[in-house]
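Read the structure below first, then the notes.
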Amino acid sequence: MNTQELQFELMKKASFNDFQAEQVVEDLKANAHLWDAVLMDQPGLMKLRDLPEDIWNVNTLYILTGIKSDQLYELALSWNPSSIRWIEDKEATKKLDAYVSGDYILCLRWD
């Protein structure tokens, strides 16, 4: 299993409220040409706190892509996120800890 597949498996452990991990993962795999990498995370140490109960406590999905794709944005809207936005330019460069970045990050959050 590669690292991206591992991320997908962790996402499946995080289904809650309107976040339907199986559908999101299936859609991402079917549209792999639209993205470079996918990661779901949560700030802080809540993941660590909830691990003993076998809970993967994350709520924000980051999709790295080299293009700002309307098709990817529309697909992501179908997943019913609470919020969605593009991270780009200097903000993307800073978040990726890169000297120069031409990448975009589609950021989705479920409350």
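Bear in mind these aren't lab numbers, they're just calculated from the coordinates by the rules spelled out. A quick note: this is a predicted structure, and the numbers were derived from the prediction, not measured. Neighbour counts run over all protein chains shown; Cβ positions are idealised from the backbone, glycine included.
Points to keep in mind about this one:
- Label-point separation in nm, Q71 to Q23, each point 7 Å along Cα→Cβ: 2.1 nm
- The angle separating the long axis of helix 3-12 from the principal Cα axis of greatest extent in the chain is about 50 degrees.
- Relative contact order of the chain, taken over Cα pairs closer than 8 Å and 6 or more residues apart, is 27 percent.
- Among the listed pairs K47/K90; K47/K68; K68/K90; K13/K68, those with a Cα-Cα distance over 26 Å are K47/K90; K47/K68; K13/K68.
- Among V24, V100, the order by Cβ neighbours within 10 angstrom, fewest to most, reads V100, V24.
- The chain, helix-only ellipticity at 222 nm - DSSP H runs n ≥ 4, -39,500 (n - 2.57), divided by all residues, nearest 500: -9500 deg cm²/dmol
- Ranking N31, L106, T93 by Cα position along the charge dipole of the chain, where only Lys, Arg, Asp and Glu carry charges on their C-beta atoms, puts T93 farthest toward the positive end.
- The angle between the Cα long axis of helix 21-30 and the longest principal axis of the Cα atoms of the chain comes to about 30 degrees, rounded to the nearest 10.
- For the chain, diffusion coefficient by Stokes-Einstein and Kirkwood Rh (Cα), 37 °C, 0.692 mPa s, µm²/s: 226 µm²/s
- Relative to the Cα centre, the charge distribution of the chain, modelled as +1 at Lys and Arg Cβ and -1 at Asp and Glu Cβ, gives a dipole magnitude of about 260 debye.
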